[in-house]
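A quick write-up on the structure given underneath.
The values are calculated or read from the model by the stated rules, or taken from the named source; none is laboratory data. Computed from a predicted structure; not experimentally measured. For neighbour counting, all protein chains shown are included, and Cβ atoms are generated from backbone atoms with ideal geometry for every residue, glycine included. In case anyone asks, the SASA skips ligands and DNA or RNA and just uses the protein heavy atoms, side chains included. Shrake-Rupley method; radii C 1.70, N 1.55, O 1.52, S 1.80 Å.
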Amino acid sequence: MILSVMLCFAGIMAGILSFAHLSAFERFSRSFAAAIMLLISTLFVLLAMAIYTGVTLSFLGKRFGDWRFSWSYILGWVAMVMTFFAGIFYMCAHRLYESRRVVGSH
């Protein structure tokens, strides 16, 4: 989950910088990099939530009969879905920018 947070933060920063037109980064697509970082962050969240689910079920399921996941567990799954869609939207932004750049160069 820590790796996911770090990649998500880097993806958000790359996404914000994709709106700035800096001449030093002409060949480097920041929106594509942001999309890749957010999609990898999604995989890390999925991995962390799957491990947490398995460990919690095996530990608490055998010892206590009356227990349930709390709000933070649900928030983790919501974060995974939102991170996934943020990566998809940055990928769409990259494709839209690339198509406009190709049409504008002719």
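Remark: pairs (first residue in region 41-62, within 12 Å of residue 76 (Cα to Cα) and of a type in the set (Ser, Thr, Tyr); second residue open to solvent by less than 40 Å² (accessible area, probe 1.4 Å) and assigned to a helix (DSSP H, G or I); Cβ separation under 7 Å; 6+ apart in sequence or on different chains) = 42/80; 42/83; 42/87. I'd like to know if region 39-52 contains one or more residues that are open to solvent by 50 Å² or more (accessible area, probe 1.4 Å) and modelled with pLDDT under 90. Checked region 39-52: at least one residue is open to solvent by 50 Å² or more (accessible area, probe 1.4 Å) and modelled with pLDDT under 90.
Take the residues in region 63-92 that are free of Cβ contacts under 8 Å to residues at least 24 places away in the same chain and among the polar types (S, T, N, Q); name whichever of them is farthest from residue 13 (Cα to Cα). Looking at residues that are free of Cβ contacts under 8 Å to residues at least 24 places away in the same chain and among the polar types (S, T, N, Q), I get 70. Within region 31-87, the set of residues being within 13 Å of residue 1 (Cβ to Cβ) and among the small types (Gly, Ala, Ser) comprises 41, 48, 50, 72, 76, 79.
Per the listing 77, 71, the residue uniquely out of contact with any strand residue (DSSP E or B) (no Cβ under 7 Å at 6 or more places or on another chain) and open to solvent by 90 Å² or more (accessible area, probe 1.4 Å) is 71.
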